C-alpha cells in the first residue's frame, strides 16, 4: 500500500458472511483501510463497508484483538477502490501534512 494514508473517524456499517456491526473507520487509502469493531472477523473474510450511498468491498488482511474490541485491516477489491473524490470520511486528516508544515 503505497498510496497516501489518511486518518479519519467515520461510523460505517461493516458486514460479512454471518454478521454485521457498526464499526469506526479510522484509516483509509486507495487500496484499503482499518476499522475498530466490537466483532471479531476472520482474516480472509470478505467484507462490505457502507456509509450512506458509499459501498466498498474488500477482504480482511489483519485482525488484532485489544481491550475494547478488534482492529481490522482490510484490502479493497479492485472493483471498489477508494478515492477522496468518491467518499470523504468525517474528520479526514492527512498525517503527511504535518511533516510538510514542520519543514
Residue among 93, 87, 76 that alone is surrounded by fewer than 17 Cβ atoms within 10 Å (Cβ to Cβ) and in contact with a strand residue (DSSP E or B) (Cβ under 8 Å, 6 or more places away or on another chain): 93
Unique residue being free of Cβ contacts under 8 Å to residues at least 12 places away in the same chain and farther than 20 Å from residue 87 by Cβ when the list is 67, 63: 67
Scan of region 18-39 for residues that are surrounded by fewer than 14 Cβ atoms within 10 Å (Cβ to Cβ), touching a strand residue (DSSP E or B) at 6+ places or on another chain (Cβ under 7 Å) and not in a strand (DSSP E or B), ordered by number: 38
Selection within region 89-100 - in a loop (DSSP other than H, G, I, E, B) and more than 14 Å from residue 32 (Cα to Cα): 90, 91, 92, 94
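Laboratory data are not the source of any read-out in this text; all were calculated from the coordinates shown. Every value quoted in this text rests on a predicted model; they were computed, and no experiment measured them. Ideal geometry is used to build each Cβ from the backbone, glycine not excepted, and the neighbour counts take in all protein chains shown.
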